[in-house]
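Let me begin by presenting the structure, written as C-alpha cells, before commenting on it.
The values are calculated or read from the model by the stated rules, or taken from the named source; none is laboratory data. Keep in mind the model is a prediction, meaning the values are calculated, not measured. Cβ coordinates were reconstructed from backbone atoms using ideal geometry, including for glycine residues, and neighbour counts include every protein chain displayed. Accessible surface is based on the protein model in full, side chains and every heavy atom, while ligands, DNA and RNA are left aside. Shrake-Rupley method; radii C 1.70, N 1.55, O 1.52, S 1.80 Å.
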2 protein chains.
Amino acid sequence: MARIQTEKDVSRKEVILKASAKLFLEKGYKAASMRDLAVKVGVEAASLYNHIRSKAELLHDICFNVANVFFEHINAVEASGATPISKLETLLRFHIQQMIDNYEEVFVSDREWRYLADPYLSNFQNQRRSYRKRFAAIIQSGIEQGQINKIDASTAVLVILHAISGIDSWHRSTHKVSGEELTENIVTILVEGLKK
Amino acid sequence: MARIQTEKDVSRKEVILKASAKLFLEKGYKAASMRDLAVKVGVEAASLYNHIRSKAELLHDICFNVANVFFEHINAVEASGATPISKLETLLRFHIQQMIDNYEEVFVSDREWRYLADPYLSNFQNQRRSYRKRFAAIIQSGIEQGQINKIDASTAVLVILHAISGIDSWHRSTHKVSGEELTENIVTILVEGLKK
C-alpha cells in the first residue's frame, strides 16, 4: 500500500534535492550514483527510494524548478511598465542573484539538462529557446527605442548569459569580492556596454 | 630502430592533432578513444602510434600550443606603447578571433585541461593564473589612469573571458551573424561597459 505523503516527506525530498544538486555539480549527473547521494544525505541508499523514484527524477525536478523560477520572473518583468534598459538590468540582477544564492541548482540546470530524457528534454530545450527569445525581445525593443546600442540582440543575450555563468569561477575563487561587489561589477560592465 | 621524422610526419601529426581537438570537443577527452580518433583521421588505430604516443600527448599538445599562442600575444600587447583601454580591446579581439578561427583547440584547452597529468597539470594551471593576472593588471592600470570604470579587475577578467566563451553557442547556433558582426557586438558590449 502506498504511504500517504506527509509534510515531513516533502521537506525530506527538498533535502534530497538540494544534496543531489550539490552532487551533480561536483561529479556531473552521469558519474553521480544513488550511493553517492545516500552518503551525502546520510541515509541508506535504499531509503532514498521512499522519497524519490530515480536519479532522473532528481535532475528533472532541479531543471524544471529552476525554469519555473526564471519564467515567473521574466513574466513579471515583461508585465512591468519599466523601460527596456531597466527591464534588462532587472533580468541581469536576477540572474546574478540566482547564480549566487541557488548556485548548485542553477548551474546543474544550465549544464546537465542534456541528460534529461524525452519528452522532458525537448520540452526543456523549447523553454530555454523561448526564454532567450523573450530576453532578446527586450533588448531589441531597447534598440528600437534608441536606449540600447545597435547590436544583434541574440548575440547580446548569448554574451550576457555566458558572462554571468562566470560566477561559477567566483564561487571557487580564493580572491573573493563580496556578492554585492560582484553584482555591481557585472552590471556595470554589461549594462553600460549596452547603453547608448 | 626509430624512424627519422620527415616533414610529411610533421604535417601528419598536425592532421591528427586537429582531428583530436574536434573529437575531444564533441565527446570530451575522457570519453574519446584512440579508435574514435582513428575513424576521424581515416587510418587504422595502430598506425596512429607511428605519429603520437598516447591520447594524453594529444591533449598536452593542444593545451600547450594554445597557451603559447596566447602568451606570445599578451607579451606583444604589454610591450606595445598602447593605452590600457586599447590594450584591452586588442586582447579581447584576439580572444574572439581565436574562438572563431581555432575554436576546437581553444575550447578543448579551456575545458579539458583538467585531464592533464602532473607535472603538466600544475604547470598549465600556473600559466592560466599568470595570464589572468597580467590581463587584470592591464585593466587595473586603465582604472588607475582613469580610462576604465572603477571595478574589481579580476572580476572583470572573469566576466570577459566567460562572455567570450559564449562563442561556443554561436558556433552551434542556427541564427548566425557573421564573425565580424559577432566580434563588433562583443567588443561594443564589453569595452563600452568598461570605458569611463
- Task: Give just the number: which of (1) touching a Phe, Trp or Tyr at 6+ places or on another chain (Cβ under 6 Å); (2) surrounded by 18 or more Cβ atoms within 10 Å (Cβ to Cβ) does B:His73 not satisfy?
- Result: (2)
- Can you find even one residue in region B:123-145 that is assigned to a loop (DSSP other than H, G, I, E, B) and more than 20 Å from the chain's Cα centre (by Cα)? yes
- Item | In region A:75-114, the residues that are without any contact (Cβ under 8 Å) to a residue 12 or more places away in the chain and of a type in the set (Gly, Ala, Ser) | A:Ala76, A:Ala79, A:Ser80, A:Gly81, A:Ala82, A:Ser86
- Can you find a residue in region B:91-113 that is among the aliphatic types (A, V, I, L, M), surrounded by fewer than 17 Cβ atoms within 10 Å (Cβ to Cβ) and farther than 18 Å from B:Ile186 by Cα? no
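Quick one: in region B:47-70, of everything that is polar (S, T, N, Q) and either over 22 Å from B:Tyr131 (Cα atoms) or outside any helix (DSSP H, G or I) (or both), which residue is most open to solvent (accessible area, probe 1.4 Å)?
Start the filter on region B:47-70 by keeping residues that are polar (S, T, N, Q), which leaves B:47, B:50, B:54, B:65, B:68.
Now drop any that are not either over 22 Å from B:Tyr131 (Cα atoms) or outside any helix (DSSP H, G or I) (or both), which leaves B:47, B:50, B:54.
On the way: B:Ser47: 40, B:Asn50: 101, B:Ser54: 40 Å².
Within region B:47-70, the match that is most open to solvent (accessible area, probe 1.4 Å) is B:Asn50.
Given the structure, is B:Glu144 charged (D, E, K, R), at negative phi, more than 13 Å from every other protein chain (Cβ to nearest Cβ) and touching a helix residue (DSSP H, G or I) at 6+ places or on another chain (Cβ under 7 Å)?
On the way: charged (D, E, K, R): yes; at negative phi: yes; more than 13 Å from every other protein chain (Cβ to nearest Cβ): yes; touching a helix residue (DSSP H, G or I) at 6+ places or on another chain (Cβ under 7 Å): no.
No: the conditions fail for B:Glu144.
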- From the list B:Leu158, B:Leu182, B:Leu116, which residue is among the hydrophobic types (A, V, I, L, M, F, W, C) and away from every other protein chain (no Cβ under 13 Å)? B:Leu116
- Note on the structure: Looking across region A:115-168 at residues that are among the small types (Gly, Ala, Ser) and touching a residue at least 60 places away in the same chain (Cβ under 8 Å), the single one that is surrounded by the fewest Cβ atoms within 10 Å (Cβ to Cβ) is A:Ala117
- Please work out which residue is modelled with the highest pLDDT, limiting yourself to region B:1-46 and to residues that are exposed (fewer than 11 other Cβ atoms within 10 Å of the Cβ) and small (Gly, Ala, Ser). B:Gly42
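Can we say B:Phe71 is touching an Asp or Glu at 6+ places or on another chain (Cβ under 7 Å) and in contact (Cβ under 8 Å) with a residue 60 or more places away in the chain? Before you say what the answer is, go through the steps one by one.
Values: touching an Asp or Glu at 6+ places or on another chain (Cβ under 7 Å): no; in contact (Cβ under 8 Å) with a residue 60 or more places away in the chain: yes.
No, not satisfied.
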- Within region A:172-182, which residues are assigned to a helix (DSSP H, G or I), at pLDDT 80 or above and open to solvent by 10 Å² or more (accessible area, probe 1.4 Å)? A:Gly179, A:Glu180, A:Glu181
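Given the criteria open to solvent by less than 60 Å² (accessible area, probe 1.4 Å) and among the charged types (D, E, K, R), does A:Glu78 qualify? Walk me through it before giving the result.
Details: open to solvent by less than 60 Å² (accessible area, probe 1.4 Å): no; among the charged types (D, E, K, R): yes.
Judged against the criteria, A:Glu78 is not a match.
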